[in-house]
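Read-outs throughout are calculated quantities, based only on the coordinates presented, and are distinct from any laboratory measurement. Nothing here was measured: the structure is a model prediction, and the numbers come from that model. Neighbour counts run over all protein chains shown; Cβ positions are idealised from the backbone, glycine included.
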Amino acid sequence: MTVFVGAITDTNNNGIADDADDTTQMTHFFIVFQKCQEWATSGNPHCEDVESAEYVPFILPVDRKDYNCLKHENYLLRHTARLRDIELLTGFEFNAHIVKRTKLIDAI
């Protein structure tokens, strides 16, 4: 399993990352758990087969006060996100190298 963690700055909560010039502070952070079925057999640290990749992404707010009265598992469920949401908020593309290589192979 691979875990990705990082900062998000989305002060207006529009689902798109703020411009670097407008960034004052982190508003959220993301956590993405990635698992590939092929890792058990290949030992390769990269997920080569995009179809076998499984992701569990979360976007959690940064807040100085704890307003959470939910159980831990319900809190995480409430903040479950789409992988695409994290890509839009961070500019990071999960498995971009694989998609580019697949498009190249298809073109040939």
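Assorted remarks:
- Inter-label distance, ILE16 to CYS69: 3.7 nm, where each label sits 7 Å from its Cα along the C-beta direction.
- Rough spin-label spacing in nm, given labels placed 7 Å along Cα→Cβ, for ARG78 and PHE92: 2.4 nm
- Full-stretch length increase - LEU60, VAL5 - with 0.36 nm per residue and alpha-carbon distance subtracted: 18.7 nm
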